[in-house]
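Colleague: Following this message is one structure expressed as structure tokens.
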Amino acid sequence: MPHIVFEKKELITIPSQKDGVDFKFIAKSYNFTQKIRKIEYRIALENESKEFLLSLKPKNDDFMIKADKVTRLSPVTLVKNALNAYVNLNNAKVLFSNTHNLKVKEEAKNEYLKDINYFVDDFTTDKEIQIEIGFGSGRHLLHQAKTNPNIQFIGLEIHYPSIEQLLKQLELQNITNVLVVNYDARLFMEFIESNKVGKIFVHFPVPWDKKPHRRIYSNEFVNEALRVLKVSGTLELRTDSRKYFDFCTEVLTNLPKGKITIDINKDLAVSSKYEDRWKKQGKNIYDVVLEAQNIDESINLNFDFSFDFKIDFNKTLTMIPTKSLIEKDYFIHIEELYIVENSQNSGLIKLTMGNFDRPVTKYLYVNEGNISYYQGNPLPTSSNINAHEKLKEILSR
């Protein structure tokens, strides 16, 4: 990670500009937990129309400046330019810098690899959608995509080497009807329109026998799957784990209504190398298929994450809860507070919020009492929406 260590000096004058970097404000850490901490700073800037923060903190008797982890972005050259601009503007003596010779591997761009924000803001299709969760080597997904060229497939995977392998195969085999996303499947469904999906494949998921809370299947996941499935659409589980099979059938048979089909050792047109191995070992393969039977209401992803009130930030400093607020489906934890230098009523609130399995860390920027999320709003998941409403309640007291 690019960083610079330099002799401690007075902070730069704000606002300032240097080498195309526009420095907006500097915020100083506020010890609201009353724990002994060294003072740190967050420096807000804009570089090539992108806003982010730098972290400035003591290192022995000197300063170290680097990208703030929460707001860092690509390409890394934006960060390196900003670090160099700050030190040059400060006329500081550099003791160490890796901003000129550091080679950082940038993620390869691929038209089929999509960020989760794409599915929130840009994704539209007239085709039927089919989703595979945890596609692994991609053998089944590639077969389905080649066999059904008029269907839009979405592959979900958290193992990045598997994603890279699939992307290579899509290019080599000239398959154009697959989109790939590196995201938690338990939350992804919330960004898909109701009654739009033909099939959801969950083939050989990790059983998580010792950590059942990490399993894909849950009451919440099944309900979201039923919402996005069109009438007669199917949620299809395939597993070699009898424990996982029993767990999933229990979840499915507790639904108020539904049609379930169970098969043992059903042959598919394509199988993974692991499935072939398991069959040779005499292990049973279980299929459990849930068929959707109802039309569900549409959802609205255009949630308003604004704050319709102003606050006295100095008063808020003394009222912020130091302990996490934990509710049934979400939580909020205030991590740090920063006071903007040379301002009467401005600061940053660093917080982690939302879903327990996929939390998001954001900054709230309080600008003369007006509140907004720095560097854009959270994703409109139900847990983030609930956390936002709770935040409004806390801050408006």
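Colleague: Just want the ordering: R42, R139, from fewest to most Cβ atoms lying within 10 Å of their own Cβ.
Modeller: R139, R42
Colleague: Further question on the same structure: Remind me, what semi-axes does region 313-395 give for its equivalent ellipsoid, largest first in whole Å, using sqrt of 5 times each Cα gyration tensor eigenvalue?
Modeller: 22, 13, 10
Colleague: Taking Cα centroids, how far is region 326-380 from region 36-84 in Å?
Modeller: One Cα centre to the other: 18 Å.
Colleague: Of the listed values (i) 158; (ii) 148; (iii) 181, identify the label whose number matches volume of the Cα convex hull per residue in Å³ calculated from this model.
Modeller: (iii)
Colleague: If I take the Cα coordinates of region 116-291 and project them onto the principal axes, what are the three extents in Å, biggest first?
Modeller: The Cα atoms of region 116-291 stretch 38, 38, 29 Å along their principal axes.
Colleague: Now a separate question. Under 18 Å between alpha carbons, and skipping anything fewer than 8 positions from K390 in its own chain: which lysines qualify?
Modeller: K310, K323, K328, K350, K362
Colleague: Based on a Kirkwood Rh over C-alpha pairs, give the Stokes-Einstein translational diffusion coefficient of region 46-163 at 25 °C and viscosity 0.890 mPa s in µm²/s.
Modeller: D, rounded to a whole number, is 135 µm²/s.
Colleague: Is any helix in the chain, taking whole DSSP H runs, at least 15 angstrom long along its axis by alpha carbon and on average at least 0.0 on the Kyte-Doolittle scale, and which ones?
Modeller: Span-like helices, by this rule, are 76-90.
Colleague: Sort 166-175, 337-346, 183-192, 259-268 by the packing proxy (mean of other Cβ within 10 Å over each peptide's residues), most packed first.
Modeller: Listed from highest to lowest mean packing, they are 183-192, 337-346, 166-175, 259-268.
Colleague: Using a Gaussian network for the chain with springs between C-alpha atoms less than 10 Å apart, which of these wobbles most: K279, K24, K310?
Modeller: So, out of K279, K24, K310, the one fluctuating most is K279.
Colleague: Please give every one of the aspartates and glutamates within straight-line cross-link reach of K257, meaning a C-alpha to C-alpha distance under 13 Å, and leave out same-chain neighbours fewer than 8 residues apart.
Modeller: E291
Colleague: Place the peptides 113-120, 293-300 in order of packing, highest mean first, counting for every residue the other Cβ atoms within 10 Å and averaging per peptide.
Modeller: 113-120, 293-300
Colleague: Next question. Cut-off under 30 Å on the C-alpha distance; same-chain residues fewer than 8 positions from K279 excluded. Which lysines are left, in chain and number order?
Modeller: Of all the lysines, those that pass the test against K279 - Cα under 30 Å, at least 8 places apart if same chain - are K146, K168, K199, K210, K211, K243, K259, K266.
Colleague: Roughly how compact is region 3-97, stated as its Cα Rg over 2.2 N^0.38 Å to two decimals?
Modeller: Relative to the rule-of-thumb radius for its length, region 3-97 sits at 1.04.
None of the figures in this text is laboratory data; all of them are computed from the coordinates on show. The structure displayed is predicted, hence computed values, not measured ones. Here Cβ is always computed from backbone atoms with ideal geometry, including for glycine, and neighbour counts include all displayed protein chains.
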